[in-house]
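The values are calculated or read from the model by the stated rules, or taken from the named source; none is laboratory data. Just so we're clear, the structure is a prediction, and the values are computed from it rather than from any experiment. When we count neighbours, we look across all protein chains shown, and the Cβ atoms used for this are built from the backbone with ideal geometry, even at glycine.
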Amino acid sequence: MRLSGFLAVFFVWMFSMEARAFDWDIQRIDGRDYVSVTKIAEFYNLPRDAAPTNRQIYLSRGSRSLTARADSRDLDINGVRYVLSFPVLERNGQFWVSRMDLGKTIEPAFRPENIQGLKPFSLVVLDPGHGGQDKGAASPYEFEKNFALDVARRVRNELQQAGLRVFMTRNNDSFVELQDRAAMANAKQNCIFVSIHFNATDTNPDANGLEIYSITPRGSPSTEYDTLLVRDMVQEYGNTNEVQSFALSHTIFHSLRGANLDMADRGVKRARFAVLRLTKMPAVLIEGGFLTNSGDAKRVASTAWRNQYAKAIARGILAYRKLVETNLAPPTMTEYRNGTANVISAATPAPRPVTTPAPAPVNSINLRDLPQ
């Protein structure tokens, strides 16, 4: 059964008192609340007089920018792609964004430091996807399960050097049910959850790039769907931390986009994957390139690339930790690229020297032989 809209009672307005007091001039269009891009520009101090070109509008001032396209769910904020719950509308030359997307995506993307309910954590649960008989996607070089485990171990090492504790849902080539992965995480205290995967497609070998997912807000369709379903109204465990999960995906993805990974930006997305639905802490799932794309697969097979990728994930996690501890804006993609990003906080000291011998270089086609 499909739903044409959602009841306002399911929407939580996440803004600060400042935003609540602003005159948004909310309009009802096709059964849903919308705000104009002009009002959004006014609130975030962006130019209000920019005219759409080819059904696209670009607003920029200082370090802030926003690009919206009519009839598209893609929105670029500060150079990073975010996928909205509902398409941007164009009416009489004016662009409109759903109230849901303003509160759940635009505001926390522009001002993550204003997010309410961010809690300090002392443990990171890393979840290498697949394992055992579940090989995941395949590339000409290796199976996804082995790449995921290799990257998770590298992320673990980076986080431990920065003083964080790490728990892994699997640390060998074993199969773990999705609900058991969530249960392992739920048994821990003061933690966040990061699931590591690689992408694949059977239909488009040109598909490439990085993307990250957090739980879909209640009352919204997931990125892969265009219409609301009955299940979209269900309150999942993951929805209790949906804004915090979005903030985690935001900080990690800016770090990924700021690294020299040479992969396309597929965006910050939403999904109701089992590990996002069933976990009771901030949780994200990262798709690190397409193993079915020749270029992505070659990069992922490189030990140097995977090491750089793992460092970028770890930096994003540390940026989230600094955000929850200081309520200061986390580094942006541009700051990472300029070398001005700072993810160190009082509780996240600079990496301590590694006292154990460094492991021997890993051959990408022998990942299953990694030490446990």
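Below are the figures for this structure:
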| quantity | calculated |
| --- | --- |
| A329 vs. criteria assigned to a loop (DSSP other than H, G, I, E, B), farther than 28 Å from A182 by Cβ, modelled with pLDDT under 95 and in the same structural domain as S214 (by TED's automatic domain parsing) | no |
| Residue ID - surrounded by the fewest Cβ atoms within 10 Å (Cβ to Cβ), chosen from residues in region 196-233 that are over 17 Å from G267 (Cβ atoms) and in contact with a helix residue (DSSP H, G or I) (Cβ under 9 Å, 6 or more places away or on another chain) | P205 |
| Hits in region 234-255 (condition: out of contact with any strand residue (DSSP E or B) (no Cβ under 8 Å at 6 or more places or on another chain) and not in a helix (DSSP H, G or I)) | V234, Q235 |
| Subset of region 89-134 (residues that are out of contact with any helix residue (DSSP H, G or I) (no Cβ under 8 Å at 6 or more places or on another chain), in contact (Cβ under 8 Å) with a residue 12 or more places away in the chain and over 28 Å from T169 (Cβ atoms)) | L89, E90, R91, G93, S98, R99, M100, D101, G103, F110, R111 |
| Meets criteria (polar (S, T, N, Q), assigned to a loop (DSSP other than H, G, I, E, B) and modelled with pLDDT of 95 or more) for T292 | yes |
| Qualifying positions in region 109-165 - in a strand (DSSP E or B) and of a type in the set (D, E) | D127, D134 |
| Single residue of D71, D30, D76 found to be closer than 20 Å to I212 by Cα, among the acidic types (D, E) and modelled with pLDDT of 90 or more | D76 |
| Complete set of residues in region 273-289 that are outside any strand (DSSP E or B), of a type outside the set (A, V, I, L, M, F, W, C) and surrounded by fewer than 24 Cβ atoms within 10 Å (Cβ to Cβ) | R277, K280 |
| Test: residue in region 153-169 that is buried (at least 22 other Cβ atoms within 10 Å of the Cβ), under 20 Å from A200 (Cβ atoms) and touching a residue at least 40 places away in the same chain (Cβ under 8 Å) | no |
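Residue-wise test of (1) at pLDDT 95 or above; (2) among the hydrophobic types (A, V, I, L, M, F, W, C).
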{"site": "L159", "(1), (2)": "yes, yes"}
{"site": "R170", "(1), (2)": "yes, no"}
{"site": "D180", "(1), (2)": "yes, no"}
{"site": "N190", "(1), (2)": "yes, no"}
{"site": "F198", "(1), (2)": "yes, yes"}
{"site": "Y213", "(1), (2)": "yes, no"}
{"site": "E224", "(1), (2)": "yes, no"}
{"site": "L228", "(1), (2)": "no, yes"}
{"site": "R231", "(1), (2)": "no, no"}
